[in-house]
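Inspection log for the structure reproduced underneath, given as structure tokens.
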């Protein structure tokens, strides 16, 4: 299926010479996106997991350039795709050398399911030689083709009830979403989790305790959206707190989960606690409430990453909580200032959350939404409201990316 990121990648090569790094979870569509650029007739694809391609990559920069005939004159510059090359310990030196030698003779895309800006096993820095784009699962707005990079917020559009419910149930990874088949969904999830928690960790880290890492992943899954207690994890898994603190970033770097930290500026008696964790695949959440909250968290994070990666501005995602236990699920900041508060509810409630109203006033936030998962679509630009308001999730999410 056509992804909303295609325009972003094509525009990049029109405007910039830097390499494109496409990062994201396994099976989210990184390779498909890289192969879908406009210059389809001039693409060379190299996968580190393919032994023949690996031999080419290990032969050296000049040998690879000769094999790809990069010295030939062409009407359009060829596109070289390096897939999963971060698994090679010297991948940074290889990519840097190739780019410095051939940057005027080709365009380069690097894809990987581990964060390419985290696994720094190479030596030389690639600073200034690339821009990265974080590919997320499908979202309401992307299904509606709402991915404008000229504006932050899009006009509202109505998503069909079938598509919305399918997105909630099957998640946003393209293959299970498109198939909508329970048996395939079960097998796909089992295989993906095995590859991530066993193969990727074994290949990319020095961690040997794979069973205990699986236990940690399961505990994060069972406590989505809750305040994190590293000491509780430590006792149940029987490793030190420091080990837990080292292992969770590994799971984040492999796109199993992501963290949201508390916003503390201008919050009276703010609670300086550890972050909350959510899954990249909200369909794996074990309760309806956790899944709904994760669903909104994933959409907000995708919007924040898209706006940042496309150069729209500087955005970030937090939650808000104080020592009186007043809490709002999410806060989006814009240029380091509170911009949008979001409290998630499953069904319509007559009263707006007191905490939402309290923090809107205290933080002077322009927009405060009580987002209802099961509410019917309303054809209204909710960003026109300056007061605290109850809005359907279908409407708000259609206005993001």
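Annotation note: of 338, 366, the sole residue that is over 30 Å from residue 177 (Cα atoms), touching a helix residue (DSSP H, G or I) at 6+ places or on another chain (Cβ under 7 Å), modelled with pLDDT of 95 or more and assigned by TED's automatic domain parsing to the domain that holds residue 173 is 338. Residues in segment 28-69 that are touching a helix residue (DSSP H, G or I) at 6+ places or on another chain (Cβ under 6 Å) and within 18 Å of residue 116 (Cα to Cα): 29, 46, 47, 48. Residue check: is residue 155 under 24 Å from residue 375 (Cα atoms), in the same structural domain as residue 305 (by TED's automatic domain parsing) and surrounded by fewer than 18 Cβ atoms within 10 Å (Cβ to Cβ)? Considered against the rule, which asks whether it is under 24 Å from residue 375 (Cα atoms), in the same structural domain as residue 305 (by TED's automatic domain parsing) and surrounded by fewer than 18 Cβ atoms within 10 Å (Cβ to Cβ), residue 155 comes out as yes. Can you spot a residue in segment 346-355 that is more than 23 Å from the chain's Cα centre (by Cα), in the same structural domain as residue 247 (by TED's automatic domain parsing) and closer than 24 Å to residue 137 by Cβ? Looking for residues that are more than 23 Å from the chain's Cα centre (by Cα), in the same structural domain as residue 247 (by TED's automatic domain parsing) and closer than 24 Å to residue 137 by Cβ, one finds at least one in segment 346-355, hence yes.
Every condition in (1) under 21 Å from residue 214 (Cβ atoms); (2) modelled with pLDDT of 95 or more is met by residue 297 except one, and the failing one is (1). Step by step: first the residues of segment 131-152, then only those that are surrounded by fewer than 18 Cβ atoms within 10 Å (Cβ to Cβ) and assigned to a loop (DSSP other than H, G, I, E, B), then the one that is modelled with the lowest pLDDT. Which residue is that? The selected residue is 148.
Report yes if some residue within segment 83-98 is closer than 25 Å to residue 4 by Cβ, outside any helix (DSSP H, G or I), under 22 Å from the mean Cα position of the chain (by Cα) and not assigned by TED's automatic domain parsing to the domain that holds residue 256; otherwise report no. Yes, that holds for at least one residue.
Each row is one residue, and each column tells you yes or no for (1) surrounded by fewer than 17 Cβ atoms within 10 Å (Cβ to Cβ); (2) closer than 30 Å to residue 361 by Cβ.
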site: 216; (1), (2): no, no
site: 238; (1), (2): yes, no
site: 247; (1), (2): no, no
site: 250; (1), (2): no, no
site: 257; (1), (2): no, no
site: 262; (1), (2): no, yes
site: 274; (1), (2): yes, yes
site: 278; (1), (2): no, yes
site: 289; (1), (2): yes, yes
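Mind counting the residues in segment 187-200 that are surrounded by 15 or more Cβ atoms within 10 Å (Cβ to Cβ), at pLDDT below 90 and in contact with a helix residue (DSSP H, G or I) (Cβ under 6 Å, 6 or more places away or on another chain)? Adding up the residues that qualify gives 1.
The values are calculated or read from the model by the stated rules, or taken from the named source; none is laboratory data. Being a predicted model, the structure only gives us computed values, none of them experimental. All Cβ positions, glycine included, derive from the backbone under ideal geometry; neighbour counts span all protein chains shown.
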